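Have a look at the structure below before the remarks.
The values are calculated or read from the model by the stated rules, or taken from the named source; none is laboratory data. None of these values were measured; they are calculated from a predicted model. With ideal geometry, Cβ positions are generated from the backbone for all residues, glycine too; neighbour counts draw on all protein chains shown. When the accessible area is computed, the model is the full protein with side chains, heavy atoms only, and any ligands, DNA or RNA have been set aside. Shrake-Rupley method; radii C 1.70, N 1.55, O 1.52, S 1.80 Å.
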Amino acid sequence: MSETIEHVKCLIIGSGPAGYTAAIYAARANMSPVLYQGTQPGGQLTTTNEVENFPGYPDGVTGPEMMLELQKQAERFDTDVRDGWVTKVDFSGPVHKVWVNDTKEIHCDTVIISTGASAKYLGLESEQKYLKLGGGVSACAVCDGFFYRNQEVVIVGAGDSACEEAHYLSKLCKKVTMLVRRDEFRASKIMEARVRNTENIDILFNTNTDEVLGDGQVVTGVRVKNNVTGAVSEIPATGFFVAIGHKPNTDIFKDYLELDETGYIINVPGTSRTNVEGVFVSGDAADHVYRQAVTAAGTGCMAALDAERYLAAKEAEVHV
Ligand code: NDP
């Protein structure tokens, strides 16, 4: 074996709540986990301001702060947390091979994938500006809707997520304006009916977002354009929610793992197991339904326990 190849008992890819929770459990089970953080250490939560729905923080906590705490907790039990981006894997043989930054090769007994998913954004400069400022742009109504109680908000998207989130927001906010770019929804009929029948949801069809307006610190409105008539108008709003889909970060696994048609990893129901023995998945990379920090943490725990049991069973086979 070449000197550059490292052997690792448990490799965790990704540093959101799923990855760090898997690390805490794996480290405490003496699996000497190595965790690669990826390009966005801390994951999606580092783009959130205040997290108020993670149990155990009665006064709330900021997303970045919570991720630092999770990292510290994982390191307290000697998780080896490293910078680095996993660029390639080979799960075809009995040894699971992983390459970091295209150069470093690691051979793993078990791999826990916690690479998450990324919310899609429109890509407007003004949208990105207020997103980075934490000034009123969000891709998660369940996480951030609470901050807009009794206020007016705009949500863009026409799929099931947008309908679900618009409906969720309608219970908190004074008014929700929904921007649909075509003259019809993509969502299922039942979800569409729900938003159509909600009094304080205003649906604008054939409407594109031109600009997120603000005072330099926070969002104050949205300028929209009707793509049939060309009419431009401004909607006052303190929150701009983007619900145009998520992309799971699973491209590098597609040659080896079973993915659904949108790229989410398919796990054996009720477990974190994938179709490859010794490879486990946790968090949003396999979850397009719940997508919460607490559910990601829960599945991170499951992945570490499944990995530990897998290794124990293999060791037992060797000693028979
Ligand atoms: P989808 O891909 O289903 O929908 C994305 C929506 O965003 C579409 O309406 C699309 O418009 C719109 N969109 C995309 N890009 C833009 C853009 N640049 N500007 C404006 N609008 C844009 O994503 P979802 O997250 O809604 O759903 C993903 C999957 O998860 C689906 O299979 C869905 O059924 C499922 N899901 C199920 C739920 C449930 O059953 N409770 C809840 C949430 C999701 P267009 O239609 O014009 O392409």
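Just one of Gly283, Gly278, Gly263 is within 15 Å of the ligand (Cβ to nearest atom), at positive phi and crowded, with 17+ Cβ neighbours inside 10 Å; which is it? Break it down into steps so the answer makes sense when it comes.
Numbers: Gly283 fails: within 15 Å of the ligand (Cβ to nearest atom); Gly278 fails: within 15 Å of the ligand (Cβ to nearest atom).
The conditions single out Gly263.
Of the residues Lys120, Lys88, which single one is among the charged types (D, E, K, R), within 16 Å of the ligand (Cβ to nearest atom), open to solvent by 50 Å² or more (accessible area, probe 1.4 Å) and under 20 Å from Pro248 (Cβ atoms)?
Lys120
Listed residues Leu131, Leu172; which is in contact with a Lys or Arg (Cβ under 7 Å, 6 or more places away or on another chain), aliphatic (A, V, I, L, M) and open to solvent by 10 Å² or more (accessible area, probe 1.4 Å)?
Numbers: Leu131 fails: in contact with a Lys or Arg (Cβ under 7 Å, 6 or more places away or on another chain).
Unique residue meeting the criteria: Leu172.
Let's see how each residue does on (1) at pLDDT 95 or above; (2) within 26 Å of Ala312 (Cα to Cα); (3) β-branched (Val, Ile, Thr):
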{"position": "Ile12", "(1), (2), (3)": "yes, yes, yes"}
{"position": "Arg28", "(1), (2), (3)": "yes, yes, no"}
{"position": "Met31", "(1), (2), (3)": "yes, yes, no"}
{"position": "Val34", "(1), (2), (3)": "yes, yes, yes"}
{"position": "Gln40", "(1), (2), (3)": "no, no, no"}
{"position": "Asn53", "(1), (2), (3)": "no, no, no"}
{"position": "Thr62", "(1), (2), (3)": "no, no, yes"}
{"position": "Lys72", "(1), (2), (3)": "yes, no, no"}
{"position": "Val86", "(1), (2), (3)": "yes, no, yes"}
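Of everything in region 172-211, what is away from the ligand (no atom under 13 Å from the Cβ) and aliphatic (A, V, I, L, M)? Give them in sequence order.
Hits for region 172-211 are Leu172, Val176, Ala193, Ile201.
Filter region 243-259 for residues that are open to solvent by less than 40 Å² (accessible area, probe 1.4 Å), within 16 Å of the ligand (Cβ to nearest atom), assigned to a loop (DSSP other than H, G, I, E, B) and modelled with pLDDT of 95 or more and give the result.
Ala243, Thr250
Looking only at residues that are in a loop (DSSP other than H, G, I, E, B) and open to solvent by 80 Å² or more (accessible area, probe 1.4 Å) in region 54-81, which one is nearest to Tyr148 (Cα to Cα)?
Here is the first cut: in region 54-81, the ones in a loop (DSSP other than H, G, I, E, B) are 54-60, 77-79.
Okay, now just the ones that are also open to solvent by 80 Å² or more (accessible area, probe 1.4 Å), so 55, 58-59, 78.
On the way: Pro55: 21, Pro58: 19, Asp59: 18, Asp78: 40 Å.
Of everything passing the filter in region 54-81, Asp59 is nearest to Tyr148 (Cα to Cα).
Could you list all residues from region 169-216 that are touching a residue at least 40 places away in the same chain (Cβ under 8 Å) and within 16 Å of Asn150 (Cα to Cα)?
Leu169, Cys173, Thr177 - these are the residues of region 169-216 that are touching a residue at least 40 places away in the same chain (Cβ under 8 Å) and within 16 Å of Asn150 (Cα to Cα).
How many of the residues in region 194-242 are farther than 17 Å from Arg182 by Cα, outside any strand (DSSP E or B) and hydrophobic (A, V, I, L, M, F, W, C)?
Residues flagged as farther than 17 Å from Arg182 by Cα, outside any strand (DSSP E or B) and hydrophobic (A, V, I, L, M, F, W, C) within region 194-242 amount to 2.
Only one of Glu165, Glu184 is under 25 Å from Glu52 (Cα atoms) and outside any strand (DSSP E or B); which? So that I can check it myself, show each step before the final result.
On the way: Glu184 fails: under 25 Å from Glu52 (Cα atoms).
One residue alone meets the criteria, Glu165.
Scan region 104-127 for residues that are without any contact (Cβ under 8 Å) to a residue 24 or more places away in the chain and farther than 24 Å from Thr262 by Cβ and jot them down. Spell out how you get there, then give the answer.
If we filter region 104-127 for residues that are without any contact (Cβ under 8 Å) to a residue 24 or more places away in the chain, which is where we start, we get 123, 125.
Residue satisfying the conditions is Glu125 alone.
Please specify each residue of region 218-239 satisfying the condition of being open to solvent by 40 Å² or more (accessible area, probe 1.4 Å) and of a type in the set (A, V, I, L, M, F, W, C).
Val218, Val228, Ala231, Val232
Quick one: in region 148-164, which of the residues that are under 20 Å from Val218 (Cβ atoms) and under 20 Å from the mean Cα position of the chain (by Cα) is surrounded by the most Cβ atoms within 10 Å (Cβ to Cβ)?
Filtering first and then ranking leaves Ile155.
Answer yes or no as to whether Gly123 is in a loop (DSSP other than H, G, I, E, B) and not hydrophobic (A, V, I, L, M, F, W, C). Reasoning before the result, please.
Values: in a loop (DSSP other than H, G, I, E, B): yes; not hydrophobic (A, V, I, L, M, F, W, C): yes.
Considered against the rule, which asks whether it is in a loop (DSSP other than H, G, I, E, B) and not hydrophobic (A, V, I, L, M, F, W, C), Gly123 comes out as yes.
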